[in-house]
Structure formats: C-alpha cells, structure tokens
Amino acid sequence: MERRHTRKFVRTFFTSPTAVEGEDDSAKMVRSASQLRGMQAPDVWVPDNEDATAPNMRDEGAENIVEVVAENGADFPGEIHPRVVWHRDSPETRYQGFQHMLQIADPEKGAVEHLDGFVIPEVGGIDDWKKADEFFTIVENEYGLEEGSLAMSVIIESGAAELAMGELRDEMGKPDNNLERLFLLVDGEVDYTKDMRAITPTGGLPEWPELRHNTSRAASAAGCISVDGPFDDIRDVEGYRERMTDNQAKGMTGIWSLTPGQVVEANKNPLPPQEGSWLIDADGREAELTDDDGVQVYEGERISLEETGDGYRLTVGTDTEELDADELREELVDLTDYVPSMDDIVDSMEEFEAAKEAGKGAIAITRSTTVRIDGVEIDIASDRMWDEATYQAVQTPITLFQDVYQNRPDQHDDLAELYSEDVVERAMDVGN
Amino acid sequence: MERRHTRKFVRTFFTSPTAVEGEDDSAKMVRSASQLRGMQAPDVWVPDNEDATAPNMRDEGAENIVEVVAENGADFPGEIHPRVVWHRDSPETRYQGFQHMLQIADPEKGAVEHLDGFVIPEVGGIDDWKKADEFFTIVENEYGLEEGSLAMSVIIESGAAELAMGELRDEMGKPDNNLERLFLLVDGEVDYTKDMRAITPTGGLPEWPELRHNTSRAASAAGCISVDGPFDDIRDVEGYRERMTDNQAKGMTGIWSLTPGQVVEANKNPLPPQEGSWLIDADGREAELTDDDGVQVYEGERISLEETGDGYRLTVGTDTEELDADELREELVDLTDYVPSMDDIVDSMEEFEAAKEAGKGAIAITRSTTVRIDGVEIDIASDRMWDEATYQAVQTPITLFQDVYQNRPDQHDDLAELYSEDVVERAMDVGN
Amino acid sequence: MERRHTRKFVRTFFTSPTAVEGEDDSAKMVRSASQLRGMQAPDVWVPDNEDATAPNMRDEGAENIVEVVAENGADFPGEIHPRVVWHRDSPETRYQGFQHMLQIADPEKGAVEHLDGFVIPEVGGIDDWKKADEFFTIVENEYGLEEGSLAMSVIIESGAAELAMGELRDEMGKPDNNLERLFLLVDGEVDYTKDMRAITPTGGLPEWPELRHNTSRAASAAGCISVDGPFDDIRDVEGYRERMTDNQAKGMTGIWSLTPGQVVEANKNPLPPQEGSWLIDADGREAELTDDDGVQVYEGERISLEETGDGYRLTVGTDTEELDADELREELVDLTDYVPSMDDIVDSMEEFEAAKEAGKGAIAITRSTTVRIDGVEIDIASDRMWDEATYQAVQTPITLFQDVYQNRPDQHDDLAELYSEDVVERAMDVGN
C-alpha cells in the first residue's frame, strides 16, 4: 500500500523527557534535544510526555513542549511528534491526553506549525485507535487545520493492539474515521511483556519475533512505517546493532533511540557499508575475513587448511575433508558470502538496468576474490542470477538512502564523509 | 483485557481417564485424581471423557464423573473442568458432547455445584465455538444456573481454531452469545500437527512457536488464560522444564500435565526460585556458576582465565583476549546474568516503591558478586534501570504467586517450605 | 476443512517460461516441459506467463501455452495451471491477465480441456482476490464451463496477501463469489521481501518463518494446499532438502521447482525413506549413525566413549560423565532418535490398528538397536506411546504417498524401485 507521509523510511525515534523535576529549567532535556543536528538528530523526535516524564510533571511538560517547539521547531531537521498519555483501560488518561493535544496544538502558541503529529501509547483494539483518531480530528477542526494533517503514531504494547494492526487495511478509508493519518507502528516491548504476562528467569525481555513480524507486516499492508522499541542496555552498542540487523531482515527499518549516541548508531545502521566485506561460516559462527591487499584472510582457529601432496586438507570445527582444488573452491564458495558496499549495489543495479534496456530479463552478477587460510590461497568466484524481482528486492537500501538524502540535508556532510561524492551522486540517480 | 474468572493464573491442567476398561472400578483413575492435594493437585483438573477414554467407555465415563465429583468435589483444592467430546466436522460428536454435559450438570446428581466448567476439544472457526457456547447456555437455563456461570475452555488443535482466537475480543459481549464464559485456551499439539499435516523425519512433534505465541496473545486480548499442550516424554523432566521456560517467555504460564509428577513440576516451575543464581554465557552455552561461600565459580572447560604479568588472558571457546582489570570486569559483566530469587524480586519492588513514594521515576538496581575462573577472582557489579514499566513487567511472577497463595491454601505448607515465612509475607504484601 | 480438489497434496510446482526470445521456437521451454514424465514431472506444472517471461513476449507466451497444452496436455501426468499477469496496484496488469485467461481458455483452441486452473501472482487484500475470482467466473460463463471448475492458485508476495489468507475461511461460500475454487497458496519470497522492505547484509532472502506458518495455517483452515517459493541456488541440493524438511514441519508439503532436477528432489523428499536410520545429537549437531550389520556406529569426533574399570566415561563436546551401564543406556536413549522407513510406519500403523480392533486405546511402539562408539557397544531400546491422535498425526506421509500413487501412475515404476512391491501394497492399504 502506498505510504502517504513525507518520509518513506524512519530510522530513528528519539524520546526526551518533557519536564525534569529539580532542574533550574525543567525543559532542559527537550531544549537540548531540539538543538541536535546531523547524525545526532533523529528522523522522528518525540518529546515524551508519557513514561519518560513523571506523572506530576506532565502538565508542565506539555507547556515545555509548546515553548521549545515554538522556539526551535522551525530549525529542527527531523519530524516532531510529541507523545501524550493514553490508556485503553482508562478514560481519565485518555481525556488527559486529549487535553494535552489541545494545549500543544493551539495555534496561538506557535508550536503547531512545526508539529508533524502525536504519538499515542497503550492503544487497545481498533475501536480504541478510533477514539484517539477522533480526538485528532476534533483538534484539527477546532484549530482550522486540514483533517488528517496531524499524523498519528501508536505504540504497540498489548496483544489487543497487535491484533488491531491486522485490521488497519480494512478500516482505513471508512467515512467515519481519518485513520489514513496513521504513520508509525512502534513496538513497546517492556509494556507488551507486562501485558502478555511473560516471565523470563533473569527478568530480561523476550525477543518477541512474532510481534515484530506482525508489526512490519501491518506497516506493509497499511502504508505505515514500523519501528522497534527501546534497547535498554545503552552501553551495549554491538547488541543494539545486532538487533537492528535482525529487525531489518523483518522489514522493520526503524528503531527507538534513548540517547544521541544511539541515534547516531541507528541513523547509520540501515545504510549500506562504505566498503564491501567477505564473511565465512566458521563451524556455525559467522566470521569476517580481513582484507590484506585484496586477499581475504581468515584469522580464526575454527577453520584450518593445508596442502597435501595431491590436494588439500580442510578442517572446519571437528570435520576434516580431503579435497582437490575444484572441490575446495566449491566448498569455500559455499562457506563464504559477500556483503556488498553501497558502491557495489549501485554497480549491480546499473548493470541490470543496462541489460534490461538491451532486452535481457536476467543477468548473472559475479563476485570473485582470493581467500587465504593458514597461508594457503585459493581464488573463488560465485554468480548470482538477478531478475526484475531480485533487482527490486535489493533496491530497498538505496531507496532508503534516497529518502534520507532528500529529507535530511543536515546529514549531507556526514554522508559525503561516509561515501565518496561520486557514489552519493550515482546512488541518488539509480533506480529512478 | 480484564480476566473475569477466579483464577488469574493456571499453572497446571491435569487430565484423567474417566472410565478404564477391565478394572474392578472403572472410575479408579478419576477417583484417585480427586484425592490429590498440595503440589500434586493441579490448578485445573480435567476428568477427560475424550481422548484419554476409549470411545465405548464414554457414557460410563460421564457417570463416573458425576459420581466422583459429587462425592469428592467439595474437597478438591483446584477447579474441576471435565472434557466432553466435540468435533468441528461431526454433528454427531457435538450432540454426544451436549448430552454428556446435560448428564454431568444435572443438579439432581449433586456434581454441578463442584463443577467450574467444561473443556471443549477440536473446535473450528468462531461459529463452531458459538455452537458450544449455546449448549452451555441451554444447560445453564435448563438447570436454573446463572447464564455464563459455567466456564468454557477450548483445545486449539486446528488452523481454523488458531485463527478464531484472533476474533474473540470482537465477538465477546455480543448479545447473541455468552462467550465471556471463555476461560482457558489450551494448545493441543498432537491433533494440531495432524490438522496442519506436518511431517517430521522422526515423527516427533514440531515446536509450533507461532501457535503458542498466538494463543498467548489471544489470552491477553480476550482476558483468558493460555495453557500449553501435553509433553509426552514423561521421564524427561529436564525437557519438560525447558518447555515451560520457553512458554513463560511467551506469556503462556500454564501447561498440561499427564501425571501427578508432572503436576508437581509444573506447579513449582513458574514460581521464582528460593535462591538467586548466576549464569555465564560459555561460548554460546549457558552455564550456571557454582556458589562457593558467596564466590561464583565457573567449573566448565569452555572458558579459561589466567593472570599475565600486566593483566589477564581470557579464553572463551577458541577466542583469546588480553585484557586489563577493567576490560575483564566489563567482559564478565557482559557474559554473566543473574537469576533473582523471590526474595530479590520482592526487595527490588520494595526499593522501587519507596523511591516512587519519594517522587523518583527511575532507580538503578545493582547486582554485584565475585566470579572465580581457574582460581582467578574478579569482583563485578552491574546496574539495571527500573522505571514504572520495568516494575510492572517484573511483577508478573509475584502476581502469580499471590494468585496461587490466595486460591490454594492446600499448598501453603509446601510454599512455606520453599520460601521462608518472612518472604511469603512480604511477597503477599508487595505491589498491592 | 475438506480439500475440494483432486489432489490432496502437491509436492512440486514447476514453472516454465512461455516464450523465449531469440530461439527458433519461442515455445521451446514449455514444449520440453510438457514432455516430462515420472519423477521429473511435477504435480503442478505452471507455464509461467509472468516473471519468467519477458514482458514483451507475453502475448506470444499466451499463444504458446494454448498451442503446447492443446497438443501435449492430454498426456501430461500432472495438473496444468498457467500463471498469468496480475498486480494489486495496477488495473492495466489485471486487465491484461484477464485477456490472457480468455485467450488461453477459449475452447475453440483446444487447450482448456487439459487445463486445471490459473495461477494469479501479486494479489493484495481479499477484495483483490475477489476481482481475480470474478474473472474466472466470467471466463467459465463465457465458455460454458461449470462455475468454479477452473482452480485458482495465488502467489503470496505482500503483507496484504498474508493477512488476506486469514479471512479465507469466512469469505468462501458467500453467494457473491466462487472462492471455493482456491487451490494452492504459494509463497513468493523474493517479491515479498521487496514488499516488506526487508534488508539483509548480503542481499540474501530472509527465512520468513512466520509467513510460511501463516500460509500453512490458511491452507489448513480453508481447505487449500500450501507451497513454498523458489529456491534460487540450484546447485545447492542439500540446502533445498533442508528447506523442504523445515517446510514439512510447518505443514507445508509443496515447494516451487525451477528445474527438472529440483522437481525430482521435491517429488521424492516428502515420501518416507526406504531405510530407517538412527540419529545422534553430537553436542548440538545432529549426526547420522552408520549401519554396520545392524550395529549403529558413531564415526564423528564430538562424542567419545570408553570403558573404565567399573563403568563408562562418556564425553559429549567438552562435557565428560562417569556412568554405569544403566545410566549410559539412558543417556544414549536421550541422545539418539530413529527416522522410521515407510515400512516401519506401515508396521506401526498396522500394529495400532490391530490393537484398536482388540479394544485397546494406546500401545507402546518399541525401537531397539545396538550403538557403537569408539568400539564400545551398548544395546538401547525406547518406547513411544501411540494413541489415536499419534496414529493420525503420523499418518500424514502415508496419506501423501497414497495421494501420489493414485494420481501419478507415471511414477509407479519409480516408486516400485524406491520401495519393495510388498511395502507399496501395504502402504496403499493401511489407514483406510
């Protein structure tokens, strides 16, 4: 389904407390967040008047949002979507969220022209989503805004909300709602874990792969964008990256960020690497080969290779095989894989486009290199068939890059540092 | 969604054949089951007039249920939910199930006052569930019972039933049904495997993670309780425990039990441990450290550690790193994890409650210990941030404990043996 | 739900380009495919007038289908379901697909009597499926065919289509459609990956376990047959087999084949093996034991066993245990598993049927053998309880065999070669 919003991809969803007790300036956190630029600035910034802000500070938090967004919103490079309070089981909370929306969006206060929408947490079944949507419509009508102009994003933190996502495509477009305003579907795994009553021995969060699949699927079916929830262990950069890689394989290209450091990681992560690299399956563990002047060297101890009089002896883990040169080559082709750089992807896409122009439906894209294990070198090469479908499936990171480049001029310098100017230019050009 | 039944958690679902051929007393099995007490007695006892009982014995089985429940039901410490026959594809079977329900619930026979509901196997789409619900309503009306007073539990053993679970939240509360009577959603993996036509090389059952997720989700969205199916290999206690741990991480806190021995395991398993323990990730395998007078000792061979002149050499699997003391500490913090005891959880909850009272929204919960590997000792400490959401997500095992304690006085002695009286008292008090 | 089509199982879905540019005979590929017989001939043959054929060749492709099917269709041993173009987002493409259906099914051209249906790719929500169904109805009406006589199969390659599968059971049978014509639900992972906007570092396809589960579940709930998408790496026979094993454990018994070689693999794979074999869990890796005259020998290096003075020392990976004979036996029973042959399955089924006739509801099926590790031999035996449900769940491969045998006389010779005649006869007889 067509995505109806300006951004087609959202890499980063960064929340800031709206009012902090005991500070000279209770708006300190939102004020400093509003000044983030470049890779530190998120695609979507969320002044968080719900969980990140103490309940007794939320009225002040709403005022802080208005003040800071009125002042700094025009220059903020990402979109701005404050989170207000909401709960499927509490009419009191829902009414409070509505009042905060009315307060924040009041055009007299000068913030609404910089606001892109609101984030609604703790939604339940689809009828609960419609209650929130109705409040957006009333706010828009009250203030003379176009119906549907304020985007609505939701946090999925209940089984009921997970099920509701399956109904979006059928419900959008009905005359009694404006659900087309839906923008982000954001998983909130901590509260979801509570709602599902899950227990783990250490108290750590379950991975919830099915939830993330269903969120990504709903985004695809209803023209929204899916975003994963917060990654608590802020020091664990490697873990954060692994989670993003896992998410991206599910089609979930955005993730929550709790710090500007996480924003930087998450803004860069879904972009293709500057340099290609080779991987090898070392007895069930993936290892990256080290480039030594064009030769790809395995430096671990799980694979060993030696020349025998008439061939090779390859040991992977505890399995040893005697192979001739062709068998060894075939084995290494099976064990290795190539991670293409942005440059490589653009090259392959251009190659396929040229072939298509010339009337060909499919071409072989070849990757070749020399692999060195224990000093023994072997040349390997593998082909992958590309047809129209492969081309389109592989295009996603390029489309993402183009979306970033068009909507985030403040990141152009960072992108030029990551990639050569020539690659950026070709990447903006390919596939259009 | 609010859970409408007395029990908020069901740990154990224990089935007994209702009539066994060739015995002096064909009711022998139900009679002995009705006398189980304490940890051997299940939260839900299911005199099973379906698969566990031969087809030609089922009329006698229905009589046996009435007789035994009338006699021993008043003193049985768990709930009693007989299973009757049913099949989405067979009106004959459905009618037979209805007749058995009429027979068992006849107030003249004295069993119904001790009955909590019936279990319906082999349901299909939601309209098939409604047929069963209608029979409950007729039985209730016929015998002057309140509409909805008999709980209905279902066995999910078809793709159609799995899909129907997604519709419960929308269907409950409609004027033409009494589906609010729904209590347990129980997976039945053997028949589900048949219905899905799955094949495994050894004939073993697939794990069906998506089914279990969807069952748990439906329980959350519709205010029911999810229960996993039977674990056939009765001797394999370790496997049974692993399955429960896996289920609990999905929010499925109950499981079928085929023997009183399995009941004991499953009654205890979701309760927090008496003693905390440390885990270490030993090259991809989780190992428990051995407590030696407060020092946590790694006794395996997958990790080794030695002091070098100016630091440490840590080997995990085949990877060796040279580290200084701080780096080693950080590495060990990453590799280890703590399984809190009931006492620890109560402590942390009380600590958070006190902080909240004092106006704080988040606090750090610290865990520290000394780890010994190959004789080398290192002190480690890690913090975890707790906010309201963490607090609530971690509360589940305590809520479960409270539900057990309130509803199962016959287990008070066993619980007092597991935990100190002081811990039990504080656990009953915290979070309310 | 009852499967309404002739075939109850479809192992193979083989696509052929309908028109190849630059060949003397552009119909070359469909012509040769139409002559496949025996294990090389698929259960469902799909002359592919969509992705496998260049867009500018598709009108010629439609003509080629008519010509080849009119000529060779009568003798083709499998079903014939051409794929036409379709897209949920393009009325132009949908209209073109409709025109090709009208052209191919024109009875004057002599092909339709050999056609079993059409395959519709790129469907979206359920209403999009209904548009395709309506074109089938118009074609049938136009040409005097019975309504619903042409089967409709769909390719699931969008999140919207994945969700639509959950609605089939409710939508079929409504007076305004003929969706009962639905036959195959086929996953198309390349385009699905594009639609979901998934990114993997190497550009490889995600495994999409949830999609495959949902497709299998929909097939179960709506009386259809589920089929997995193409496996691109044609050289990787082992990978193709592993994918089929994984699919079968999900209830997905069919798979796409891109070459006659893949057809042979996929036709044989879901059939039970000729010979039983023993597996052992070697420190997390499954290894097959080698039969040496009835003794099962472990030849790897991950497990070692030696006799000590008063017992045994068993090492699995890095864990060593001292065991007496009974403990060792128990440990080996846990580590090993048996893959039954067709003969074994038939034996067990017959044994259970005899017991049932004699009034028994459950029996123990025993497997015993001698295992040899490092020269040390141990006799082991394990029991598995079989009841009616086990019997029915284990019956699936036999039912599949019977469906193949009845519908594919051209494979009788191959089957007789795989199994002894006696086994074939008993397999055709059991369970009926």
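The values are calculated or read from the model by the stated rules, or taken from the named source; none is laboratory data. No experiment lies behind these values; they were computed from the predicted model shown. Here the Cβ positions follow ideal geometry from the backbone for every residue, glycine too, while neighbour counts run over all protein chains shown.
Condition check for A:F13 on (1) out of contact with any helix residue (DSSP H, G or I) (no Cβ under 7 Å at 6 or more places or on another chain); (2) closer than 30 Å to C:Y192 by Cβ; (3) hydrophobic (A, V, I, L, M, F, W, C); (4) part of a loop (DSSP other than H, G, I, E, B): one failure, at (4). Within region C:208-235, the residues that satisfy the criterion of being more than 11 Å from chain B (Cβ to nearest Cβ), assigned to a loop (DSSP other than H, G, I, E, B) and in contact (Cβ under 8 Å) with a residue 12 or more places away in the chain are C:W208, C:G229, C:P230, C:F231, C:D232, C:I234. Restricting region A:48-69 to residues that are in a loop (DSSP other than H, G, I, E, B) and within 11 Å of another protein chain (Cβ to nearest Cβ), which is modelled with the highest pLDDT? In this case the residue turns out to be A:E50.
Among the residues in region B:263-273, are any in contact with a His (Cβ under 9 Å, 6 or more places away or on another chain), under 30 Å from B:S153 (Cβ atoms) and either within 13 Å of another protein chain (Cβ to nearest Cβ) or surrounded by fewer than 17 Cβ atoms within 10 Å (Cβ to Cβ) (or both)? Within region B:263-273, not a single residue is in contact with a His (Cβ under 9 Å, 6 or more places away or on another chain), under 30 Å from B:S153 (Cβ atoms) and either within 13 Å of another protein chain (Cβ to nearest Cβ) or surrounded by fewer than 17 Cβ atoms within 10 Å (Cβ to Cβ) (or both). Being surrounded by fewer than 16 Cβ atoms within 10 Å (Cβ to Cβ), touching a residue at least 24 places away in the same chain (Cβ under 8 Å) and touching a helix residue (DSSP H, G or I) at 6+ places or on another chain (Cβ under 7 Å) is a description that does not apply to A:A62.
Within region A:17-27, none of the residues are touching a Leu at 6+ places or on another chain (Cβ under 9 Å) and surrounded by fewer than 20 Cβ atoms within 10 Å (Cβ to Cβ). Note on region A:320-357: among residues that are part of a strand (DSSP E or B) and without any contact (Cβ under 8 Å) to a residue 24 or more places away in the chain, the one that is nearest to C:A54 (Cα to Cα) is A:L323. Put simply, of B:G317, B:G375 the only residue that is within 14 Å of chain A (Cβ to nearest Cβ) and not basic (K, R) is B:G317. Of all the listed residues (B:T370, B:T390), the sole one being buried (at least 18 other Cβ atoms within 10 Å of the Cβ) and outside any loop (DSSP other than H, G, I, E, B) is B:T390. Return yes when B:T399 is β-branched (V, I, T), part of a strand (DSSP E or B) and over 25 Å from A:F231 (Cα atoms) and no when it is not. No. Scan region C:415-430 for residues that are under 21 Å from the mean Cα position of the chain (by Cα), of a type outside the set (G, A, S) and buried (at least 19 other Cβ atoms within 10 Å of the Cβ) and jot them down. Within region C:415-430, C:L415, C:Y419 qualify.
Restricted to helices (runs of 4 or more DSSP H) entirely inside region C:86-200, those with at least 2 residues that are buried (at least 19 other Cβ atoms within 10 Å of the Cβ), touching a residue at least 12 places away in the same chain (Cβ under 8 Å) and aromatic (F, W, Y) are C:126-142. Taking every residue in region B:378-395 that is closer than 14 Å to B:A355 by Cα and pairing it with any residue that is assigned to a helix (DSSP H, G or I), at least 6 positions away or on another chain, the pairs with Cβ-Cβ distances below 6 Å are B:W386/B:F352; B:Y391/B:F352.
The number of residues in region B:30-47 being surrounded by 23 or more Cβ atoms within 10 Å (Cβ to Cβ) and either within 14 Å of chain C (Cβ to nearest Cβ) or in a loop (DSSP other than H, G, I, E, B) (or both) comes to 3.
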